[in-house]
C-alpha cells in the first residue's frame, strides 16, 4: 500500500515493447511500457484494453483509421477490435488490462513479451 | 473508440468530490475527480481502488499513517482498507474501480455522490 511513482518506475528500465507490472487492482494489472516503432496488428478477444500516454506521442492504427494520443490522452480499445500501436519517437504508456493478458493478443509472434514481469 | 483528453475533460467541470466517468474498461469505470479539503473515512469492502494523481498534490490517510501523492503518483487502496483522501490545494485525480462503486464506500453520508455521471 505504497505510493508508486510512474517516473521512478519508468526510469528503471529501457527495453521497449515489454510491459512491466507496477500494480494490481483486483484481478487487473497496471503496466508501464516504452514503445518506439511499429507493433503488430492484434486484438484481445476476451477484454478491453486501456492505454494512457504518460510521455511522448503515439498512434493507434485501427482498420477504420488512426488515432493520435499525446501525454494525458487515453484510449480504451474494445475487446476483439484489431489495433496496432506505433510511435515515431519513444513514448511511455500506462496500460490496464486483466492479469495474464498477452501483449500480442491473438496474433502472437516474436513481439510477444513475458506477461508477468513486476518492477 | 475515440481518444479521450484528460485535460479537456478536467476543463469541463468545476465541482469537487463528485467523480465523473470518462471511460469504461470491461466492467470498470475510469473517473476524474477534483478534490480540495478533507473527505470522510471509508472503505470499499468489495473492491480495490486505484488513484492516479494528474495534477496537484494529495494525501491519503490510513490508520497506520499518511501517504503523499504528487502528479504521476499512483496508489491502489486494497479492498476493505479504511482511507481518507485530502488535499490542501485543489488536486485532480483519475480513479479506476468497478462500475457502481460508491465514492463514500461503506460510510455513506452527505459526501456521497451520484455514481453514474458521464462527461
If each label sits 7 angstrom from Cα along the C-beta direction, how far apart, in nm, is residue A:110 from its counterparts in the other copies?
6.5
Residues of the stretch B:105-119 with backbone nitrogen within less than 17 Å of a virtual label 7 Å along the Cα-to-Cβ line of residue B:41, please, listed as ranges.
B:105-111
Rounded FRET efficiency, nearest 0.05, which uses the C-beta distance separating residue B:13 from residue B:102 and R0 of 22 Å
0.70
Given a Förster radius of 25 Å and the C-beta distance between residue A:81 and residue B:27 as r, what FRET efficiency does 1/(1 + (r/R0)^6) yield to the nearest 0.05?
0.90
Using every pair of alpha-carbon atoms in the protein assembly as shown, split the distances into 5 Å bins beginning at 0 and state the percent of pairs per bin, rounded to integers.
1, 6, 14, 19, 20, 16, 11, 7, 4, 1, 0
Would you mind listing the distances between the residue A:65 label point and the same position in each other copy? Use 7 Å along Cα-to-C-beta, nm, one decimal, shortest first.
5.2
Approximate shape of chain A as ellipsoid semi-axes (Cα gyration tensor, √5λ), whole Å, largest first
20, 17, 13
Could you give the distance between the Cα centres of the stretch B:1-21 and the stretch A:42-71, to the whole Å?
19 Å
What are the label-to-label distances in nm, one decimal and shortest first, from residue A:38 to the same spot in the other copies, with labels 7 Å along Cα to Cβ?
5.7
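A short reminder: the numbers here are calculations on the coordinates, not readings from a lab. This structure is a prediction, so every number in the text was calculated from the model and none was measured. Cβ: placed from backbone, ideal geometry, glycine included. Neighbour counts: every protein chain shown.
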